[in-house]
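Enquirer: Before we start, here is the structure in question, set down as structure tokens.
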Amino acid sequence: MRPIPCSRDMDFGQSNLFGYIEDLQELTIIERPVRRSLKTPEEIERLTVDEELNDIERALYLLSSGQDVQGTSVVANLPVLMRQNPAETLRRVLPKIREVLHVAGVEMQLTAAVSFLTVLQDESVSIHTYSHSFLHIILQNLEHRDAGVSNAWLETLLAVIEALPKETIRHEILNPLVSKAQISQTLQSRLVSCKIMGKLANKFEAHIVKREILPLVKSLCQDVEYEVRTCMCRQLEHVAQGIGTELTKTVVLPELVELARDEGSSVRLAAFETLVNLLDMFDSDDRRQTVLPLVKSFCEKSFKADESILVSLSFHLGKLCNGLYGIFTPEQHLRFLEFYKKLCTLGLQQENGHNDNQLQLQTLEQEKKYISVRKNCAYNFPAMIVFVDPKNFHLELYSIFFCLCHDPEVTVRYTMAISFYEVAKLLNSSVCTIQKELVTLLQDESLEVLDALVGHLPEILELMINGGENSGSESKLLSIPDLIPALTTAEQRAATSLKWRTHEKLLQKYACLPQIISSDQIYYRFLHRMLAIILTNNVLPVQKAAARTLCVYLRYNRKQEQRHEVIQKLIEQLGQGKSYWNRLRFLDTCEFIMELFSKSFFCKYFFLPVLELTHDPVANVRIKLCYLLPKVKSTLKIPTDKHLLQQLELCIRKLLCQEKDKDVLTIVKRTVLELDRMDISLDAFQKRFYENDLLDQEKERQEHLLLEMEQLEKEKQQNEGRSANVNDKIFEKKRRDNKPSSVLVKSMTLSSGNSSGASTGKEDKKSKLVRSQSFNTQALHPKYNNIDKCSNKSSATGYTSSLSGMGKSCMLSFSDDSFRTRSTGNSGNATFSSSSSLISSRNSFNSTDQKNNGNKESQSRKMSIKNRKSNS
């Protein structure tokens, strides 16, 4: 149908006019089926019921002369009638329903099965009355010709058996079952008998089961129809639980072995799955002699002659390998591991040939089967890690883990994403080996995979950070280098999709990031993105999730300047925003702030901006504010916040006096009554607010701690800057001092050689010594005297023995830039004190070095004076 143009573009020519008429006729044709679906007056007359009839009379009338849909409604309403008037319903309505069910259609039969079960669950009547009135109707309809109806009545019967007493079960169900299970009965009757056998095996003692039920079980296991053998084989698990371990070994296990070799593939499959489920009931001898050969046979035939069992084998392989672990030889252990690896890549290798069009359908079916096999392998991956031991993961299973995480099918990657957390827990300290796969799944093109992974993302990231080899806080960002880009990419893909629930879930889980990455990384890569989502996204749950996560980021931000910037943006862009929608989100954000922050924090930054919204022009904003006011008042402490309480009361008075909207005024009056009943907490602790005050005190303590840590980091950076400058000056001074000292050493050696050849008297030596001492004291600069004092103090405090070693370590540490960066990563008082100790040791080293240089210089001068004296 052509689009109808605007009136100014319409062409009312003859050809175009007929075209528009055709379009209108098409519209009328669309409406015709709606008119035809309406009831005619005659039909309405037949469906009309006298309003004066009571419920019982109306039900009887509709069951007798009404249409099928009316009779079905009466059957569906049977539980209500049983609750209202059980006696009359059992006496009059139930016999009529029993009569109608003989000729009823499928819909009424299914409705009756559900209604009978509801009556049992409601316990409207005693179990004795129920078995007398309802049980016979259930048993009569078990063999309905429609398989769906028969299964519905069977499910009802199996539920009823749980509540019936043993004697009733024996007489009403077990005794007739002997004849129903005979080969002469219909296939449907024998199939029903198989399922009832499995249920009855848990209701009686072992000797009764052995005498009355096991003969029927053996007979049905040998039935001529493979459907019956399959059905009975699947019930052997319930039979084994009823008869115990000994009878299971002597009776059930031989039957399972025989059924495992059956000619029907469905029978063999049922035998294999039952064998796996009963594995815990067999001892090591049975497993080694009977179960293991059967399992090996299944594995060998699965790729060749019996591919029907391949999917089931891949699903149960993890349970099999761990159940038979104790009896495996090293060779068998390796064989089963290789078999699992082969299943993990099944269908990924392209085979040569077999590209004919005739085999296309078979190839598609086979491809679906192979995808199911790989999906089951992904499901069993955690069990296989236990099988090979987590220590051998990298050697034995990492390549398979890589293949499954990069599988071309979404279902396989989805299963790996679900089991990723279990794998990470099992690997423990070796979890760092699967970091790349985590990033790969976060960047997966399918949002289903991302949704499955995000469920345990906080726990996975915590294991990655704390459980890896680089578990220190200083290297937590380096341990997963591509994590931040992967997280931002995942959020952007979820935001651009239509799956807002995945986006909401992702934003909620991102609240864990302050425990994983640094505050600066969160501020620059995530915090502003959360604010943008609040401002631009159109989905309310997503906006609320982003608001709460933003508040968490703000809570753990370690820089006061950044916190003030974010608070200012929240107030300006949300609280004072042009859109009323943004102002509503500001109130949501304030609610989260009251939850996460201390009362004093909220009062300091958000109390007055919230009260400003009492003058908001939009009624919905004022209504939401009124609902929030009790929480706002609960943040006040008297007498500290007395002025804020006065502001709150003033705003409420203005609302009461000036509000013109009736809805808002009604809510304001209700809020005023609630505020009057509220008690304001005091600065001192009170018994009734003790727990809340303790929690608020802890929040306030943590907020002050963040401020103290920020101050310590600033001081540490300033001290490091100063120490670096001092170190550079000392190094330059030593470089200048080293040049004259080398010259003085040469002159000192020459002068000592000359003085050794000269002979002097005792008086001359005394005079030279006095002169040299007086010259030494006059020649030294005053600052060297101070350095001498400092060095003497340091030696007195016990640092003399380690001065040279400390000096070397300090010089190395401050000449190595990489060491300086690592040291800044540490936080707390311990780091600050360690840096101050480095500074003190550095000063003591420099003072000692300067003293030694001064002594060398004075000695050289003294020797030169001595040379001059001897020459003269």
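The values are calculated or read from the model by the stated rules, or taken from the named source; none is laboratory data. What you see is a predicted model, and the numbers here were worked out from it, not measured in a lab. When we count neighbours, we look across all protein chains shown, and the Cβ atoms used for this are built from the backbone with ideal geometry, even at glycine. Protein only, heavy atoms only, side chains kept; ligands, DNA and RNA dropped before computing areas. Shrake-Rupley method; radii C 1.70, N 1.55, O 1.52, S 1.80 Å.
Enquirer: Out of 533, 517, 480, 484, which single residue is among the β-branched types (Val, Ile, Thr), at pLDDT below 95 and not in a loop (DSSP other than H, G, I, E, B)?
Expert: 484
Enquirer: Follow-up. Could you check residue 201 against (1) in contact with a helix residue (DSSP H, G or I) (Cβ under 6 Å, 6 or more places away or on another chain); (2) surrounded by fewer than 14 Cβ atoms within 10 Å (Cβ to Cβ) and say which number it fails?
Expert: Just one mismatch for residue 201, condition (2).
Enquirer: Open to solvent by 60 Å² or more (accessible area, probe 1.4 Å) and polar (S, T, N, Q) - does that describe any residue in the range 102-125?
Expert: Yes - at least one qualifying residue is present in the range 102-125.
Enquirer: Looking at the range 57-83, which of its residues are modelled with pLDDT of 90 or more and within 23 Å of residue 129 (Cα to Cα)?
Expert: Passing the criteria: 74, 75, 76, 77, 78, 79, 80, 81, 82, 83.
Enquirer: Within the range 602-639, which residues are buried (at least 19 other Cβ atoms within 10 Å of the Cβ), polar (S, T, N, Q) and closer than 21 Å to residue 694 by Cβ?
Expert: Across the range 602-639, the qualifying residue is only 635.
Enquirer: Take the residues of the range 238-252 that are under 43 Å from the mean Cα position of the chain (by Cα) and open to solvent by 30 Å² or more (accessible area, probe 1.4 Å): which is nearest to residue 218 (Cα to Cα)?
Expert: The selected residue is 238.
Enquirer: Is there any pair linking a residue in the range 246-260 that is touching a residue at least 24 places away in the same chain (Cβ under 8 Å) and in a helix (DSSP H, G or I) to one that is open to solvent by 10 Å² or more (accessible area, probe 1.4 Å) and acidic (Asp, Glu), with Cβ under 7 Å and at least six apart or on different chains, and which?
Expert: Cβ pairs passing all conditions: 249/286; 253/286.
Enquirer: Moving on to the next point. Condition first: open to solvent by 10 Å² or more (accessible area, probe 1.4 Å) and at pLDDT 95 or above. Now tell me which residues in the range 497-511 satisfy that.
Expert: 500, 501, 502, 504, 505, 508, 509, 511
Enquirer: A follow-up question, please. Those residues that are within 17 Å of residue 505 (Cα to Cα) and hydrophobic (A, V, I, L, M, F, W, C), I need them from the range 547-567; list them, please.
Expert: Of everything in the range 547-567, those that are within 17 Å of residue 505 (Cα to Cα) and hydrophobic (A, V, I, L, M, F, W, C) turn out to be 547, 550, 551, 552.
Enquirer: Out of curiosity, is residue 553 among the hydroxyl-bearing types (Ser, Thr, Tyr) and touching a residue at least 24 places away in the same chain (Cβ under 8 Å)?
Expert: Taking the combined requirement at face value, the residue satisfies it.
Enquirer: How do the pairs read when you match residues in the range 494-505 that are under 16 Å from residue 536 (Cα atoms) with residues anywhere that are basic (Lys, Arg) and surrounded by fewer than 20 Cβ atoms within 10 Å (Cβ to Cβ), using Cβ under 8 Å and keeping only pairs 6 or more apart or on different chains?
Expert: none
Enquirer: Of everything in the range 538-553, what is of a type in the set (S, T, N, Q) and either closer than 14 Å to residue 592 by Cβ or at pLDDT 95 or above (or both)? Give them in sequence order.
Expert: 543, 549
Enquirer: To continue, here is another question. Do we find a residue being under 19 Å from residue 51 (Cα atoms) and part of a loop (DSSP other than H, G, I, E, B) anywhere in the range 68-84?
Expert: Taking every residue of the range 68-84 in turn, at least one turns out to be under 19 Å from residue 51 (Cα atoms) and part of a loop (DSSP other than H, G, I, E, B).
Enquirer: Restricting the search to the range 287-345, which residues are open to solvent by less than 20 Å² (accessible area, probe 1.4 Å), within 23 Å of residue 396 (Cα to Cα) and not in a helix (DSSP H, G or I)?
Expert: Listed by number, the list holds a single entry, 324.
Enquirer: Under the condition of being hydrophobic (A, V, I, L, M, F, W, C) and part of a helix (DSSP H, G or I), which residue from the range 128-146 is surrounded by the fewest Cβ atoms within 10 Å (Cβ to Cβ)?
Expert: 139
Enquirer: Does the range 558-566 include one or more residues that are buried (at least 17 other Cβ atoms within 10 Å of the Cβ), under 24 Å from residue 455 (Cβ atoms) and out of contact with any Lys or Arg (no Cβ under 8 Å at 6 or more places or on another chain)?
Expert: No, there is no match, as no residue in the range 558-566 is buried (at least 17 other Cβ atoms within 10 Å of the Cβ), under 24 Å from residue 455 (Cβ atoms) and out of contact with any Lys or Arg (no Cβ under 8 Å at 6 or more places or on another chain).
Enquirer: When you go through (1) modelled with pLDDT of 90 or more; (2) within 24 Å of residue 145 (Cβ to Cβ); (3) open to solvent by 60 Å² or more (accessible area, probe 1.4 Å) one by one for residue 91, which number turns out not to apply?
Expert: It fails just one condition, (2).
Enquirer: Moving to a separate point now. Filter the range 392-442 for residues that are open to solvent by 20 Å² or more (accessible area, probe 1.4 Å), among the charged types (D, E, K, R) and assigned to a helix (DSSP H, G or I) and give the result.
Expert: Within the range 392-442, 396, 422, 425, 436 meet the criteria.
Enquirer: Still on this structure: Test residue 269 against the criterion of being out of contact with any Phe, Trp or Tyr (no Cβ under 8 Å at 6 or more places or on another chain) and in a helix (DSSP H, G or I), and give yes or no.
Expert: yes
Enquirer: Hey, can you tell me all the residues within the range 45-93 that are under 49 Å from the mean Cα position of the chain (by Cα) and of a type outside the set (S, T, N, Q)?
Expert: Scanning the range 45-93 gives 69, 74, 75, 76, 78, 79, 80, 81, 82, 83.
Enquirer: Where residues in the range 536-557 are within 29 Å of residue 711 (Cβ to Cβ) and outside any helix (DSSP H, G or I), which of them is least open to solvent (accessible area, probe 1.4 Å)?
Expert: 557
Enquirer: Within the range 152-164, work out how many residues are farther than 24 Å from residue 99 by Cβ and open to solvent by less than 60 Å² (accessible area, probe 1.4 Å).
Expert: Going through the range 152-164 one residue at a time, the tally reaches 5.
Enquirer: From the list 178, 149, 209, 217, pick out the single residue that is open to solvent by 50 Å² or more (accessible area, probe 1.4 Å) and either part of a helix (DSSP H, G or I) or not small (Gly, Ala, Ser) (or both).
Expert: When all the criteria are applied, what remains is 178.
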